[in-house]
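K.L.:
Take this structure first; my questions come after.
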Amino acid sequence: MPPPVFRFAPSPNGHLHLGHAYSALLNFDRARETGGRLLLRIEDIDATRCRPDYEAAIYEDLAWLGIAWERPVRRQSEHLAEYRSALEKLSVLGLVYPAFESRAEIANLVAARESNGSWPRDPDGVPLYPGDAKSLPASARWRLIDSGVPYALRLDMAAACRRVPGLTWNELGESPDGERGTVAARPEAWGDVILARKETPTSYHLSVVVDDAFQGVSEIVRGQDLFHATSVHRLLQALLDLSEPAYRHHALIRDADGRKLSKSDCSTGLRELRAGGISPAGIRMSVGLG
């Protein structure tokens, strides 16, 4: 039986903070406990926000923590053709369609619908796609595409769920509500998610399942903020005939106000903590792994 495979997959769009350290250390510890392998993946598909200096800092911070990983490191920006291939498979199944509304137009559509009552939102609190691009005839779609109008490629969620109903996953950790064991996937709660855009041939949902399958990841250790997104990932795995890993979602490291740490909120980074004199052992203690 092959050894279990774990992965830590940060985006180089800012410096790592304590939340990243906790997840990376959990993966590293699990790999050591089980005699498994630890992979590092750089999720750098967002060319506008990802920077080489942030990527270099990731390697430096992880090494300082005492974390070792296998080489070479997989960088998503070097595998766009693989994501295009997966997207094409879904397109052949008739499960992908282009939607042409801008973000502002979508916001206006949601506001109009909410003026007549509530409008459903996904588990992250974002309104479900409210447009009717799915009903556009093929001729109208191609006319818009040929004219250069920006678009997002969305998954026809209802059709996808009909094709592979009754999905579950094996949860070794737990949801924010304590759900564990065999968990029923509920991808329909996300509506017609975006799989790619005109300028970017993949999304987080699509690339993460392709990467995990290609790298043979057998246990995914990540934060509870991604627990509900696992429903979408299980759906894509089933549609693309990809391997099904086990999942271990862990509690999040939060600030004094109870908010999860975030790069966008400029949460204190490991580099600042290190400059302030904290040791790797101190980091472990501060995240409850001492």
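K.L.:
Within the range 124-142, is there a residue that is of a type in the set (Gly, Ala, Ser), under 23 Å from the mean Cα position of the chain (by Cα) and either surrounded by fewer than 17 Cβ atoms within 10 Å (Cβ to Cβ) or outside the structural domain of Val208 (by TED's automatic domain parsing) (or both)? Spell out the reasoning first.
P.N.:
Here is the first cut: in the range 124-142, the ones of a type in the set (Gly, Ala, Ser) are 125, 131, 133, 135, 138-140.
Then keep just the ones that are under 23 Å from the mean Cα position of the chain (by Cα); that gives 125.
From what is left, the residues that are either surrounded by fewer than 17 Cβ atoms within 10 Å (Cβ to Cβ) or outside the structural domain of Val208 (by TED's automatic domain parsing) (or both) are 125.
Looking through the range 124-142, at least one residue is of a type in the set (Gly, Ala, Ser), under 23 Å from the mean Cα position of the chain (by Cα) and either surrounded by fewer than 17 Cβ atoms within 10 Å (Cβ to Cβ) or outside the structural domain of Val208 (by TED's automatic domain parsing) (or both).
K.L.:
Let me ask another. Where the second residue is surrounded by 15 or more Cβ atoms within 10 Å (Cβ to Cβ) and of a type in the set (Phe, Trp, Tyr) and the first is farther than 21 Å from Ser218 by Cα and lies in the range 157-172, which pairs have Cβ atoms under 7 Å and are six or more apart or on separate chains?
P.N.:
As it stands, the answer is Met157/Trp190, since those pairs meet every condition given.
K.L.:
Could you go through the range 168-177 and let me know if any residue there is within 24 Å of Gly148 (Cα to Cα) and among the β-branched types (Val, Ile, Thr).
P.N.:
Here is the first cut: in the range 168-177, the ones within 24 Å of Gly148 (Cα to Cα) are none.
Among the residues of the range 168-177, not one is within 24 Å of Gly148 (Cα to Cα) and among the β-branched types (Val, Ile, Thr), which makes the answer no.
K.L.:
Please go through the range 56-78 and pick out each residue that is surrounded by fewer than 20 Cβ atoms within 10 Å (Cβ to Cβ) and farther than 25 Å from Leu289 by Cα.
P.N.:
Ala56, Arg71, Pro72, Val73, Arg74, Arg75, Ser77, Glu78
K.L.:
Can you tell me which condition Ser175 does not meet? The list is (1) crowded, with 17+ Cβ neighbours inside 10 Å; (2) part of a loop (DSSP other than H, G, I, E, B), and all the others hold.
P.N.:
Looking at each condition in turn, Ser175 falls short on (1).
K.L.:
Okay, moving on. Among the residues of the range 149-158, are any at pLDDT below 95 and either among the small types (Gly, Ala, Ser) or not assigned by TED's automatic domain parsing to the domain that holds Glu219 (or both)?
P.N.:
Among the residues of the range 149-158, not one is at pLDDT below 95 and either among the small types (Gly, Ala, Ser) or not assigned by TED's automatic domain parsing to the domain that holds Glu219 (or both), which makes the answer no.
K.L.:
At least 2 residues that are at pLDDT 95 or above in each: list the helices (runs of 4 or more DSSP H) lying fully within the range 214-290 that qualify. Even if it seems obvious, please write down each step before you answer.
P.N.:
Details: elements: 230-239, 270-275, 280-286.
Per the criteria, 230-239, 280-286.
K.L.:
How do the pairs read when you match residues in the range 109-120 that are free of Cβ contacts under 8 Å to residues at least 24 places away in the same chain with residues anywhere that are among the acidic types (Asp, Glu) and part of a loop (DSSP other than H, G, I, E, B), using Cβ under 8 Å and keeping only pairs 6 or more apart or on different chains?
P.N.:
Short answer, once both residue conditions are applied: Leu109/Glu101.
K.L.:
Turning to a different aspect of this structure: Out of the range 3-36, which residues are assigned to a loop (DSSP other than H, G, I, E, B) and in contact with a strand residue (DSSP E or B) (Cβ under 9 Å, 6 or more places away or on another chain)?
P.N.:
Residues of the range 3-36 that are assigned to a loop (DSSP other than H, G, I, E, B), as a first pass: 3-4, 9-16, 35-36.
Listed by number, the residues that qualify are Pro3, Pro4, Ala9, Pro10, Ser11, Pro12, Gly14, His15, Leu16, Gly36.
K.L.:
Any chance you could count how many residues in the range 23-38 are out of contact with any helix residue (DSSP H, G or I) (no Cβ under 9 Å at 6 or more places or on another chain) and surrounded by 22 or more Cβ atoms within 10 Å (Cβ to Cβ)? Before the answer, list the steps.
P.N.:
Residues of the range 23-38 out of contact with any helix residue (DSSP H, G or I) (no Cβ under 9 Å at 6 or more places or on another chain): 23, 26-27, 29-35.
Cutting the leftovers down to surrounded by 22 or more Cβ atoms within 10 Å (Cβ to Cβ) gives us 27, 31.
Adding up the residues that qualify gives 2.
The values are calculated or read from the model by the stated rules, or taken from the named source; none is laboratory data. Remember, predicted model here, so these are calculated numbers, not experimental data. Glycine gets a Cβ as well: all are built from the backbone with ideal geometry, and neighbour counts include every protein chain shown.
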